[in-house]
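Each remark here refers to the structure printed beneath this line.
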């Protein structure tokens, strides 16, 4: 794909997201379907004087790993996998699937086991500079019910790559989000109300994080870790959760003392329950996020974009982010989205903070 927006994208990832420096080692990983962006990132890293390490994989290798792997492949990781994250300074991970349903027939038990085994490796990576992003493919476009050209425009718009100065745009969004965080200073009770939803939780003493493109690209959210024992009530999510080749639709969760005590879904309920039963922390909340990216207004079946939709909130079951003060531990981190744009309300200590997807004040 010959597109100046790809060069803008690469410059943002290298210079803003991972802030690459001369002589740093930065790993670039992604499928060969993202070759154009991988190449552009590689070249930009060289301009910065960094050492780029490319890990490019052919399509289909993840499916064959789960299909052909032996038990030890899912219960442990190789020495190389556990050592490599300690030897690099940063990571640029690019998603570019050519079949988003590739893992739909894979046992969720294998997927849950691998997630648990690789958790220490992920924790090491999270302590380094990192960014996760997506390159537009026909498969993603089909999921979003868009043409490939329209989806390309959507991705480059959501990442601000279609602007003259993408970094300036990201810094402006960061400043806006910081104003929202200041309004939340000292907050205790959060209540989410909407169709078939009335869920409360405490964020007392927790820190809200300003996410503006330095880890997820695109971004556009503020998030924190709720008090682990505080969630009370019920919530029905408006969009399906699309993960590991499956769509879980019509998710409804009931919380008591911070723990999911009832979990149902209209589609793929067995997979939902398998994920929630993989460890004790999987049934508790690890994150509350508030989406702010107004360039993302439609559901695409991709959580990297959908959780940033301006006017929505998302709650993640499982692992907390330590920087928020969250303490929940789990191999799972599973985001689920509640749309507040039509009849929803977000209350902070009894006062309206957001109504119908629009912030007050």
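Using the per-residue mean of other Cβ atoms lying within 10 Å as a proxy for protection, in what order, highest first, do the peptides 215-222, 27-34, 108-115 fall?
Working: 215-222: 23.5, 27-34: 20.4, 108-115: 18.6.
Final packing ranking: 215-222, 27-34, 108-115.
Where in segment 294-321 is the amide nitrogen less than 14 Å from a point lying 7 Å along the Cα-to-Cβ axis of residue 138?
none
As a footprinting exposure proxy, order 176, 321 by other Cβ within 10 Å, with the fewest listed first. Working shown, then result.
On the way: 176 15, 321 20.
Fewest-to-most Cβ neighbours within 10 Å comes out as 176, 321.
Only one of the listed values, (1) -0.35, -1.08; (2) -0.19, -0.98; (3) -0.21, -1.10, was derived from the coordinates as log10 I(q)/I(0) by the Debye sum over Cα atoms at q = 0.06, 0.13 Å⁻¹; which label is it?
Label of the calculated value: (3).
Going by C-beta contacts inside 10 Å, put 337, 227 in order with the fewest on the left.
Fewest-to-most ranking of 337, 227: 227, 337.
Under the definition of Cα pairs under 8 Å and six or more residues apart, what whole-number percent is the relative contact order of the chain?
Averaging sequence separation for qualifying contacts and normalising by length gives 14 percent for the chain.
So if each residue of separation counts as 0.36 nm, and I subtract the Cα-Cα distance between residue 43 and residue 107, what length gain in nm does that give?
The residue 43-residue 107 span can extend by a further 19.1 nm.
Using alpha carbon centroids, what distance separates segment 324-345 and segment 189-266, in Å?
3 Å
With runs of 4+ DSSP H residues as the only contributors, calculate the mean residue ellipticity of the chain at 222 nm using -39,500 (n - 2.57) per run, divided by the residue total and rounded to the nearest 500.
Only helices count here, giving -8500 deg cm²/dmol.
State, in angstrom, two size descriptors of segment 170-359 derived from its alpha carbons: Rg to one decimal place and Dmax to the nearest whole number.
Gyration radius and largest Cα-Cα distance of segment 170-359: 15.1, 43 Å.
If R₀ is 25 angstrom, what is the calculated FRET efficiency for the pair residue 200 and residue 356, using the beta carbon separation as r and rounding to 0.05?
Using R0 = 25 Å, I get an efficiency of 0.80.
What residues from segment 130-172 fall in the zone where the backbone N is under 11 Å from a label point 7 Å along the Cα-to-C-beta line of residue 54?
None, by backbone N distance to the label point.
So if each residue of separation counts as 0.36 nm, and I subtract the Cα-Cα distance between residue 64 and residue 165, what length gain in nm does that give?
Contour length minus the Cα-Cα distance gives 32.2 nm.
Label residue 234 and residue 261 with points 7 Å out from Cα along Cα→Cβ: what is the distance between them in nm?
If labels sit at residue 234 and residue 261, their model points lie 1.2 nm apart.
Provide the packing ranking of 52-59, 179-186, i.e. peptides ordered by the mean count of other C-beta atoms within 10 Å per residue, highest first.
In descending order of packing, they fall as 52-59, 179-186.
Give the order of 156, 299, 65 when sorted by the count of other beta carbons within 10 angstrom, beginning with the fewest.
So the residues, fewest neighbours to most, are 65, 299, 156.
At a temperature of 4 °C and a viscosity of 1.567 mPa s, determine how fast segment 4-164 diffuses translationally according to Stokes-Einstein, using the Kirkwood radius over alpha-carbon pairs as Rh; express D in µm²/s, rounded to the nearest whole number.
This corresponds to a translational diffusion coefficient of 76 µm²/s.
With each pseudo-label sitting 7 Å past Cα toward Cβ, what's the residue 77-residue 297 distance in nm, one decimal?
It is 4.0 nm.
Read the figures in this text as sums done on the coordinates, not as results from a lab. In this text the structure is predicted, and so the values were computed from the model without any measurement. Ideal geometry is used to build each Cβ from the backbone, glycine not excepted, and the neighbour counts take in all protein chains shown.
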